[in-house]
Amino acid sequence: MTIKPELIETLRKKREHIQHNITPEKLEALHAKGLLSARERIQVLFDEGTFQELGMHARHNAVHFGMAGRDLPADGVITGSGYLGSQQIAAYCQDFSVLAGTLGKMQARKITRIMRYAIKTGVPIVAFKDSGGARIQEGVDALSGYGDVFYANVLLSGVVPQIAVVCGPCAGGAAYSPALMDFVIMTRNNSHMFLTGPEVIKAVTGRTTTMAEIGSAEMHASVSGNVHFIAEDDQHAIGLVKHILSYLPSNNTEDPPHNLSAPIDENPDHGLDDLIPADPSEPLEMQSIIRRLVDNGELLEVHASFARNVIVGFARFSGVIVGIVANQPMVMAGALDLDAADKVARFVRTCNVFNIPLVTLVDVPGFLPGVDEERGGIIRHGAKMLHAYASCTTPKITIILRKSYGGSYLAMCSQELGADMVFAWPTAEIAVMGAEAAVKMLYRKDLDKAEDRLARAAELAQEYRNEFASPYEAASNFYITDVIEPCETRSTISLALRKTLGKRELRPSKKHGNMPM
Ligand code: HXC
């Protein structure tokens with residue numbers, strides 16, 4: 001017995017209708033703007049032929065206000081899973097061509113179903129956000145749907161990686177879903193994200209503003225910190241998704257995809273010396289140091305435009321995947337401020353939940369002094385760093401390159417905060433405060449009396465640096481593991497990482513720590 005041909009014909013027609021809901025002209029217009037259709041995004045994300053769609057035929061409930069007779073293919077969202085190499089990934093993509101990708105009850109059910117599938121199978125989820133928000137016709141059902149999505153975001157948090165790609169509008173409370181995910185990418189020209197738009201802000205506060213000022217990718221990446229990456233267009237965004245995923249495990253029970261068969265690079269790198277300024281008051285350019293140290297000079301910087309006084313990102317040391325945290329002395333001398341503390345704390349926690357070792361590179365003069373900093377809560381924000389590092393149980397290797405003063409010595413993962421190994425360059429200065437400030441504080445009266453005040457102060461500062469703040473002082477008290485030559489840094493980190501990868505730490509059981517927020 002063979003199946004009746006008309007049954008197959010009906011199925012094919014239904015599929016065709018749902019899958020080809022955009023005319024070639026509209027598609028061309030999307031491409032001209034750097035956009036892909038929802039189905040194209042899914043197609044570009046996955047290896048060919050591996051995507052299985054879940055719920056293609058699901059429909060909205062026509063009893064909702066004004067919805068009778070509305071044909072909404074796939075209810076405006078494509079959900080399913082596919083493969084990237086050997087790694088399965090779950091994904092959903094809101095389809096703006098279907099009633100602006102708005103979310104109602106069925107769309108929310110489809111989204112939460114694929115999220116629960118991701119958690120059950122232990123695979124990352126990628127969410128393309130391209131939507132006019134809550135589907136007005138569905139009223140409280142739409143609001144409830146968002147609540148279900150947020151709840152699922154929290155359920156998945158810390159279990160499987162969640163990556164949001166905002167490639168169109170993401171307005172109102174809907175913006176909380178990306179905010180609850182691990183990484184947020186926005187496309188530069190086609191996306192915007194905000195809670196209340198310019199009209200509402202004008203009506204409520206009287207202030208005139210623009211979409212660029214409150215909701216652009218540029219603003220979120222550099223000012224609000226809501227966004228980790230800017231992509232030039234949809235294709236670039238999907239490339240970034242794949243790049244991020246290449247550093248992550250599928251879920252929190254697995255290790256990231258280290259290449260442990262890669263040989264450990266034991267060669268000294270004397271080229272590094274050329275990147276270190278001879279004068280300690282001249283800032284060091286940390287980006288070039290990092291790229292000199294890591295495999296193939298590859299660093300995937302996260303939050304690159306936000307709090308540029310610190311650098312965080314993913315890289316590899318002789319095949320071992322790490323999260324890097326580093327001060328950037330070229331910006332605000334590398335001092336830690338409110339945003340920098342948030343950026344580091346968040347990244348450290350992201351690494352910890354996905355079992356990624358941390359390498360911390362220190363050249364920090366301290367927490368930024370200032371009225372705005374104190375009033376803005378630098379104590380609370382700085383405490384996030386302390387909390388994040390001390391709670392982190394993945395391998396932690398710290399290198400003190402030059403300055404490491406005061407609270408920032410601890411906040412940049414000193415031994416006391418749980419670093420497994422701490423290495424210092426001979427150029428390191430470790431103390432409660434910088435040499436000049438310390439001399440001023442300790443010898444003010446003597447200096448006031450001194451004939452050649454400036455020369456005496458400089459002499460004392462040098463003495464302080466050489467003896468008191470010297471890395472050997474810290475090493476003699478066993479606060480650091482060893483003093484190393486800069487040329488040994490890459491091999492030292494590579495070895496230390498291999499040795500600490502199997503590290504286990506037992507902590508008292510609790511619901512969760514109470515991180516300062
Ligand atoms: C129902 C909507 C809709 C919505 C757009 N449409 N937004 N239908 N609910 N929220 C419909 C339009 O009526 C139109 O239908 C079609 O989608 C395409 O929309 P256009 O406006 O023609 O497209 P465009 O000019 O590109 O503008 C897109 C847009 C704009 C920027 C998204 O539509 C817009 O501002 N929409 C409203 C956004 C909004 O305020 N959402 C609610 C946010 S509050 P037809 O039938 O004409 O094709 C929210 C609460 C969530 O989401 C709370 C969660 C906690």
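Every number in this text was worked out from the coordinates using simple rules, so none of it is lab data. Nothing here was measured: the structure is a model prediction, and the numbers come from that model. Cβ: placed from backbone, ideal geometry, glycine included. Neighbour counts: every protein chain shown.
A few points about this structure:
- For R465, the conditions (1) in a loop (DSSP other than H, G, I, E, B); (2) surrounded by fewer than 20 Cβ atoms within 10 Å (Cβ to Cβ) all hold with the exception of (1).
- Some residue of region 243-260 being β-branched (V, I, T), exposed (fewer than 13 other Cβ atoms within 10 Å of the Cβ) and within 16 Å of the ligand (Cβ to nearest atom): no
- Positions within region 168-189 being within 13 Å of the ligand (Cβ to nearest atom) and either closer than 26 Å to Y247 by Cβ or within 16 Å of the chain's Cα centre (by Cα) (or both), in sequence order: C170, A175, Y176, S177, P178, A179, L180
- Screening region 134-166 for residues that are small (G, A, S) and outside any strand (DSSP E or B) and picking the one that is farthest from the ligand (Cβ to nearest atom) gives G158.
- Residue, farthest from N251 (Cα to Cα), within region 182-197, restricted to residues that are buried (at least 21 other Cβ atoms within 10 Å of the Cβ) and aliphatic (A, V, I, L, M): M193
- Pick from region 56-101, criterion charged (D, E, K, R) and buried (at least 17 other Cβ atoms within 10 Å of the Cβ), ranking: nearest to M181 (Cα to Cα): D95
- Figure legend. Inter-residue proximity from region 217-241: first residues farther than 17 Å from K343 by Cβ, second residues part of a loop (DSSP other than H, G, I, E, B), beta-carbon distance below 6 Å, spacing 6+ or different chains. Indicated pairs: A217/R188; A217/S191; E232/R188; D233/G34; D234/L35; D234/L36.
- H57 out of contact with any His (no Cβ under 7 Å at 6 or more places or on another chain), closer than 30 Å to N251 by Cβ and assigned to a loop (DSSP other than H, G, I, E, B): yes
- Test: residue in region 69-76 that is part of a strand (DSSP E or B), over 28 Å from P249 (Cβ atoms) and of a type in the set (G, A, S): no
- Test: residue in region 479-488 that is buried (at least 17 other Cβ atoms within 10 Å of the Cβ), closer than 19 Å to L284 by Cα, among the polar types (S, T, N, Q) and within 40 Å of the chain's Cα centre (by Cα): no
- Residue match in region 375-383 (condition: over 26 Å from D279 (Cα atoms) and in contact with a strand residue (DSSP E or B) (Cβ under 7 Å, 6 or more places away or on another chain)): yes
- Hey, V200 surrounded by 15 or more Cβ atoms within 10 Å (Cβ to Cβ) and either within 13 Å of the ligand (Cβ to nearest atom) or not polar (S, T, N, Q) (or both) or not: no
- For E40, the criteria (1) away from the ligand (no atom under 16 Å from the Cβ); (2) over 26 Å from Y247 (Cβ atoms) hold in every case but one, which is (2).
- Within region 402-419, residues that are on the phi > 0 side of the Ramachandran plot have Cβ atoms under 8 Å from residues that are part of a helix (DSSP H, G or I) in these pairs: C413/Y389; G418/Y389; G418/A390, counting only partners at least 6 apart in sequence or on another chain.
- Extreme residue, farthest from the ligand (Cβ to nearest atom), among residues of region 103-133 that are over 27 Å from the mean Cα position of the chain (by Cα) and crowded, with 22+ Cβ neighbours inside 10 Å: M106
- Residue within region 44-55 that is buried (at least 17 other Cβ atoms within 10 Å of the Cβ), more than 13 Å from the ligand (Cβ to nearest atom) and either without any contact (Cβ under 8 Å) to a residue 12 or more places away in the chain or under 17 Å from K129 (Cα atoms) (or both) present: yes
- Some residue of region 326-349 being assigned to a strand (DSSP E or B) and more than 21 Å from R402 (Cα to Cα): no
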